[in-house]
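*Asks:* One structure, as structure tokens, below. Some questions next.
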Amino acid sequence: MKIINEYKTHWIELEKSEEENYYYLSVGISVQIKTKQLNCFFETIWIEQDQIDSFITALQALDEKRVGKVELKGMSPDAFSLSIQAIDERGHLAVGICIESPIYIVAGMKERVLTGFEIDPTSIPEIITGLKKIKN
């Protein structure tokens, strides 16, 4: 699933890489982020399937009302966050992503990527379809 800005210069791509259906219903996703200043790839970030369902439901409500913010979080605290929010009263939307991982060699150090960009509001149904495919 790819979330792209209208100029096709910025995008976030989520792909299912693994899944766990026995112990805890969850999916592992890989994430690629591309902007003018940034190009990075993250392997396996785990997300609960219930979190994906809740995010889809909230995203459908955001698509109808164009007010507020919805957020998808990973299973590890502060490791992954994807948000979509209304940025003005006319219903324009933006996506934001934050991925953080500790650097185990140096105590207290972390690698962190935080970025965002405006998206076409009509892309929400496509994002929902992509999330459903990741989940299933």
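*Asks:* Go through the range 24-59 residue by residue and tally those that are part of a helix (DSSP H, G or I) and over 24 Å from Tyr7 (Cα atoms).
*Replies:* Taking the range 24-59 and keeping what is part of a helix (DSSP H, G or I), we get 49-59.
Checking which are over 24 Å from Tyr7 (Cα atoms) leaves us with 49-58.
Total satisfying the criteria: 10.
*Asks:* Could you list, in sequence order, the residues of the range 41-56 that are modelled with pLDDT of 95 or more, over 15 Å from Asn21 (Cβ atoms) and among the hydrophobic types (A, V, I, L, M, F, W, C)?
*Replies:* Of everything in the range 41-56, those that are modelled with pLDDT of 95 or more, over 15 Å from Asn21 (Cβ atoms) and among the hydrophobic types (A, V, I, L, M, F, W, C) turn out to be Phe55, Ile56.
*Asks:* Go through the range 65-115 and give me each residue that's of a type in the set (Gly, Ala, Ser) and either over 27 Å from Tyr24 (Cβ atoms) or part of a strand (DSSP E or B) (or both). Break it down into steps so the answer makes sense when it comes.
*Replies:* First pass over the range 65-115, keeping only residues of a type in the set (Gly, Ala, Ser): 68, 74, 76, 79, 81, 83, 86, 91, 94, 96, 101, 107-108.
If the condition is that a residue be of a type in the set (Gly, Ala, Ser) and either over 27 Å from Tyr24 (Cβ atoms) or part of a strand (DSSP E or B) (or both), then Gly68, Ser81, Ser83, Ala86, Gly91, Ala94, Gly96, Ser101, Ala107, Gly108 are the ones that fit.
*Asks:* Pull out all pairs, ordered by first then second residue, where Cβ-Cβ is under 6 Å, the residues are six or more apart or on different chains, the first lies in the range 116-136 and is surrounded by fewer than 18 Cβ atoms within 10 Å (Cβ to Cβ), and the second is part of a helix (DSSP H, G or I).
*Replies:* Partner pairs satisfying both residue conditions: Ile128/Ile56; Ile128/Leu59.
*Asks:* Take the range 72-87 and flag every residue that is buried (at least 18 other Cβ atoms within 10 Å of the Cβ) and more than 15 Å from the chain's Cα centre (by Cα).
*Replies:* Ala86
*Asks:* Only one of these is surrounded by fewer than 16 Cβ atoms within 10 Å (Cβ to Cβ), touching a Pro at 6+ places or on another chain (Cβ under 6 Å) and not small (Gly, Ala, Ser): Lys69, Lys110. Name it. So that I can check it myself, show each step before the final result.
*Replies:* Values: Lys69 fails: touching a Pro at 6+ places or on another chain (Cβ under 6 Å).
Going through Lys69, Lys110 in turn, just one is surrounded by fewer than 16 Cβ atoms within 10 Å (Cβ to Cβ), touching a Pro at 6+ places or on another chain (Cβ under 6 Å) and not small (Gly, Ala, Ser): Lys110.
The values are calculated or read from the model by the stated rules, or taken from the named source; none is laboratory data. The shown structure was predicted, so the numbers you read here are calculated from the model rather than taken from an experiment. Because the Cβ atoms are built from the backbone with ideal geometry, glycine has one as well, and the counts that use them run over all protein chains shown.
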